[in-house]
Amino acid sequence: MASVAVLGGLVPPRVNPGTAAILSEALIVFMNKDSWACIEQNSYYSQCLPASSSASSTAGSSPIISMPTTSVPTTSAPTSQLPTSTSSASLTGIAASAPTTPPSKLTGKTPALGWNSWNAYGCEISEEKVIAAANQFISLGLKDAGYEFVNIDDCWSLQARNSTTQQIIPDSSKFPNGISSVASQVHALGLKLGIYGDAGTETCSGFPGSLGYENLDASTFADWGVDYLKYDNCNVPGNWSDSGTPQGNDWYNSNSAIRYRQMGAALAVQSNPMQFNLCIWGNANVWQWGARVGHSWRMGSDSSASWSYITSILTQNVQYLSYIDFWAHNDMDMMEIGNGDLTIEEQRTHFAAWCFLKSPILLGTDLSLLSTEQIAIITNTELLAFHQDDTIGTPAMPFTPAPSTPTASPPEFYAGPSSAGTHVFVINTSGSSAAMSFDFVNVPGLANGGAGSFVVHDMWAGEDVGTFSESYSTTLSSHDTAAFLLTLA
Ligand code: GAL
């Protein structure tokens, strides 16, 4: 525990920054005047329960603890070998009766491609900004490139539910015509609308959470015409957190997973398919059970417009790439292209890595301010074709390019197939320009075992570089990424 503070007053409100930042892992314990004790794990996340309570409830008993961020497996298993849930007959408590409804297969086969309001605007959102983004999908050619989702993040509702119906109420100062009108306008452009909710009592910015209201909220979102739900993890009551190993040693049975399973089941019975993103920050070993509950799941803390964020989320994610396939996507969080002072090379790497690891790509900036160069990056046809490939769902995987190449963290060389052939992606993580080479015999899956000559095609430029045998060497600027398709000559 990095720091502990006991406060005598009210629980401080969760106030989010306007722009996302890497969250500290500090745990802060504080008490409010009604003797609720809360743990704040990071700027967004707290769990609260009565200090005197033994924390027993339908959700099982849990002391006030942090989420199991340290409890990660040392190995990963392919999607086909995911642990099957312990038979419900042998489970106790809420795990015995929790829904097991799988996510819809009518959406989310390939990773989501779109935009989200948070990194651009934080809580300062409005119908005008969301509809402007949707129109820019058309005018900038993003829709033609495959971008589809226009997603509203936190702060869209009033702080209180309707006292009679208990429905969440859109904030009319931000969305004067309601969310259904926004959905209609977005649909009229041939796009889809996403919204944000929370698997706790309040969202991270203090608006109504859906814990205990899953069916009502799912049907409200469906009535409005929502196509995508990002479901966050703030303000979780202590008795809904996790302590120790879940039943059957399967994190699908954890209290965290059950909070998400409840919303997943509520979404599944709506008439329109809704894509379900589990914004659980890599907690509760979500990669092991995420595909049984939703279509994508956050692998870590919030993105920031920094090279250190890009390398840290890559380092985290590469441990769990075998869980990625159709309808199952590790989410490295929303894009920062256009924000902060990422170099153009770093923005290329940000986009390329999210493509070749098949993370959802949700742009997170004011689209009207993007430069021609940035628009060229995010509409690169060949990288998007790899990301959205309809016949191969797996990502590129790290490989060792030559026996003498030292291991880097995050890895610098990745290879993987698409319907076009075998691809190699190379990231220069060093602080200076470097010549980077790979031997064809070491590229997994390359035709003919890598023997013979290969046409090397540059996916960024959309043109062939030439024909080479044995190996290929490219000089890359610091923090840039090269992307190639290799075809037997
Ligand atoms: C965080 C989440 C962010 C953003 C924010 C809104 O928990 O990771 O992506 O949604 O909440 O308050």
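The values are calculated or read from the model by the stated rules, or taken from the named source; none is laboratory data. The model shown is predicted, which means the values in this text are computed figures rather than measured ones. Note that we place each Cβ from the backbone using ideal geometry, even for glycine, and neighbour counts take in every protein chain shown. Ligands, DNA and RNA are stripped out before the accessible areas are found, and what is left, the full protein with its side chains, is counted by its heavy atoms. Shrake-Rupley method; radii C 1.70, N 1.55, O 1.52, S 1.80 Å.
Table for the structure above
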read-out	value
Rounded accessible area of Y147 (nearest 10 Å², 1.4 Å probe)	0
Accessible carbon and sulfur surface of the range 113-388 relative to its total accessible area, %, 1.4 Å	48
Which of S184, S303 is most accessible, then next, and so on - probe 1.4 Å	S184, S303
Cβ-defined net charge surrounding V293, 12 Å radius [Lys, Arg +1; Asp, Glu -1]	+3
Computed Kirkwood radius, in angstrom, where 1/r is averaged over Cα pairs of the range 397-488	13.2
For H457, net neighbour charge (Lys/Arg +1, Asp/Glu -1) across residues whose Cβ lies under 11 Å away	-4
Heavy atoms of I344: accessible area, 1.4 Å probe, square angstrom to 10	50
Between the range 429-487 and the range 160-181, the Cα center-to-center distance that results, in Å	53
Mean-position separation - Cα centroids, the range 213-231 and the range 336-396, in angstrom	28
Distance histogram for the range 113-388 (every C-alpha pair counted, 5 angstrom bins, percent rounded to whole numbers)	1, 6, 13, 17, 20, 18, 13, 8, 3, 1, 0
Accessible-area value, R348, 1.4 Å probe, nucleic acids and ligands omitted, Å²	60
Share antiparallel - DSSP beta bridges, the range 113-388, percent rounded to 5	10
Sorted largest first, extent of the range 321-387 alpha carbons per principal axis (Å)	35, 22, 19
